[in-house]
Structure formats: structure tokens, C-alpha cells
């Protein structure tokens, strides 16, 4: 295991101090960053989860600290270092948003003008003519969701234009600005719009307006995907043993460069993170007014949640927290920023299976607020899977789980979602229907107030053809949480309706 760290700009002083300071005093957070504890914590995460590598960046207004551990290429044992170039997935939106704001700042792009004014070939069915760059930036355009075609990569100069033209027969889902539904095509069409407005390639525009001014010399939206210097994507090969392998498909196509094209390093991302914290100075060509617009809640999505330009935003305990979290293509990442406290944390790994980097970011942010940074708890579903891999029967593993639960969990992370994840893996990834149903039944018995436990069991029962029982547990889930309206809930509701129609007609 290789561990690498670098401290830029300033040195962290008084690492051992624990005195409390006012929230506004950002020097207190520098003092509270316990670097040895962060090292141990990062290594424990990589060892606990099936991760090839993990990178952590902690940034304040004037200081950046980054740490990497593990391998960019697990099979070849190539270390993941601060100079490793990696697929940055959803972080692409943040860099594209920065570039759009820079073009607006110098009068080259209006975020409120209809897209069709610059791209006459942008056509859809329905109310598409009012869609603006602002709608694209906030995912309020009504453009449907389409997954990137990484299995058929395109590298042509007109690849983004092809993406824009491809939705001509698609319906706009809602009037622009009235709802928020995520679609990668929003940022791909925005990238095409910026390219045409500048009469350059999109990659040239973002380099000239954002990457070069910030000194992000190792970053690009048009990588050489065959380069041995790129971190490789990894996936779980066996969902019982949790062995890893390199993914067969590399996550890049120029058709989706705006939404998922960014390739960068931890050092380069630290420069961008510091830019958004320095709102009183001009950084990288982006004015303080433009940074303010980047760090603004533009669309309300819930009681305390909002959508920004590339951000999911929530108000929590009097603080506004900006998140960009994603999981795609054999990589996963989270970037969390608290502007009022001038702090930001980024976590990234080169696997997208069974790992939530936002949980790690929250641990580190809590540490910056004074909490201790202990080793991460072992997710119970991974531990149970590995016991099954050792040859133990499911009944024995469930009994072991219950004994841990009775003892308070100890070093294990437990709960209905984690126990349910074991069942999901058995059902969908290993096709072990009977075992999955047994796990879901057990979860409902242990957590009868968990709507997710009832939904999981409803799906397993429906798959087994037990319609009445499936309907009972689906209705119980909705009774426990009437406001649930996730895609999974919609899927189950539709499947139950189809099964009921088929039963009635047979």
C-alpha cells in the first residue's frame, strides 16, 4: 500500500490542539486536522471496503492538503499518487458551469437566452424553444435522461453536436423551469452551445477559460484513454468474496464530454476548490460575482434542499452545504463545500461498486468541526458476504448478524439498508432468489418500521409470483412513508399493476 501526501501554500500548525474556536475562525479547522489520524482513517476505509485506491483532498481558503492510498491499477500494482490522472465523472459539471459563467462574465454567452438562438439544430417535441443555458445548468430543462454510450465511444469533432441533434424526436418532459430532473444531456448540450458560441472545440474553450487560468495543467476533457498514466476503473468481480477486477469499458466518449469528460488530478482539483472559497478576489479569470452565482441555490427541490449550477445543496443545522456526488463508470466521487466556513473536502475512488464517498466526506467534515476521526466501521453486508464465501450457510450468518445486533454492533456498521443490500446482491447480482427472500424476510422481522425493508421483500415476492404477499408489503411500505416517490417505488408500483392485470386476464 502506498501513501502519499503533500501540503501546499501553508503548513498546518498546532495539529495536536483541541481547543474550541468560533465557527468563523477558519484557522481553527486547520488546527483540528489531525494528519496522522486522517492517514489511518483513509487506510482503514480502503481495507474495509473493496477499494483499489482512495484520494482525499481537504481545502481551506489558503491551504490544500491531499492524501492518496492504494493503486490506480490494481492488477499492475501502480500506485495512485497526487499526480495520477483520473476520470472525474460528475465533477465535470462544476468545471463546465465555471466556464459558462466565465463566458457570461466577458459578454460571450447569455445564460438566459434560448439555446435555439445559438444552436438552431437543437429541436425536440414540445416546449423546447424556451430552454436556456440556465435550465441546462440546473437540470430544469425537461430533457429526458440518457446514459452515456461508453461502450461505443465517439471521438469526432462534431460528437457533441451529434448528441444535441439526437433528441429531435424526444418529448420535453415538463415546461422548462417548473421541475428538476437530472439528465447528462443538459451539460453535453451546454458544452456544444459554448463551443459554437466561441467557434472552437469545447475542449479548447474550457481549457482557455478555466483550466489554463487556474493552472490546472494536468486536466483535460479529451484524454488519451489508452494511456498507462490514467487510473483504471474497477468493479466487483464476485459479490460474495468482493474480489475486484478492472472494468472492461473505459468511461469516456466525446459525445458526453460535458457531463462526464473531465480528467484531472487531486492537485488540480484542489486549485478549483480554493477558487470557490475565495469569493473576495478574482481567481482564474472568474470574478467574485461569478463565483457567487456558482455558489447560489437556483432552484428549490425540497424543504431544505436546492439545485445549483452543478451542485446539490442542503441547509443543515444553520449551514448551507454544497455537494457534488456521483458513482459512474468504475469511479465514484464526492465534493462537499461549506462556503461560510471556507472549507471543502473531496473524496474519490476508482471503483463505483458498493461505496458511497459522501459518507467519508461527512466523517472528515465532522472531524474539522472537532470530532475524533476513528477507523471506519465494517459494513455488515460485506462481512456477511465474506462469511458466505467461507462456506457458512445463510442461517448461520443471519444468526451471527443477530448476535452482533444484540451486542450493539461493535465495530460493524448495521441497519436495515445494509442488511437489505445483502439481499439485493443475492437477488440481482447472484440470482439466489430463495436466499434473497430469506434475507428480506429477516430484515422485515428485525426492522418492521423500515419502508425499504418492506419494499425489498415486495420485489422478491413479486419475482417469485406471490402477488398478494408482494402487494401487502408494498402497501405497508407506503403506509410507513406515504411521501416516498423514488424511481424504485414507481418501478415496483408499475410491476405490481402489470402482474395484477395479467392475473385478472388469465
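All of the numbers you see were taken from the coordinates with simple rules; none came from a lab. Keep in mind it's a predicted model, so treat the numbers as computed, not measured. No Cβ is skipped: glycine too gets one built from the backbone with ideal geometry, and neighbour counts run over all protein chains shown.
In this simple spin-label approximation, residue 498 and residue 165 carry label points 7 Å from Cα along the Cα→Cβ vector, and these lie 3.4 nm apart. Computed packing ranks the peptides 265-274, 42-51 as 265-274, 42-51, most packed first, by mean other Cβ atoms within 10 Å.
Here the gap between residue 226 and residue 47, fully extended at 0.36 nm per residue and compared with their Cα-Cα distance, gives a gain of 61.6 nm. Between residue 431 and residue 366, the distance separating the two model label sites (each 7 Å from Cα on the Cα→Cβ line) works out to 4.1 nm.
Tell me, how many Å apart are the Cα centres for the stretch 73-143 and for the stretch 333-397? If we compute the Cα centre of each part, the gap is 29 Å.
Applying 1/(1 + (r/R0)^6) with r as the Cβ-Cβ distance of residue 149 and residue 125 and R0 = 30 angstrom yields a FRET efficiency of 0.90. Here residue 304 and residue 278 are evaluated by their C-beta separation; at R0 = 30 Å the FRET efficiency comes out at 0.65. In this structure, residue 319 and residue 292 have a Cβ-Cβ separation that, at R0 = 22 Å, corresponds to a calculated FRET efficiency of about 0.80. With the simple spin-label model, which puts each label point 7 Å out from Cα in the Cβ direction, the residue 208 to residue 241 separation comes to 5.3 nm. Take 341-350, 233-242 and order them by the average number of nearby Cβ atoms within 10 Å per residue, most first; the result is 341-350, 233-242.
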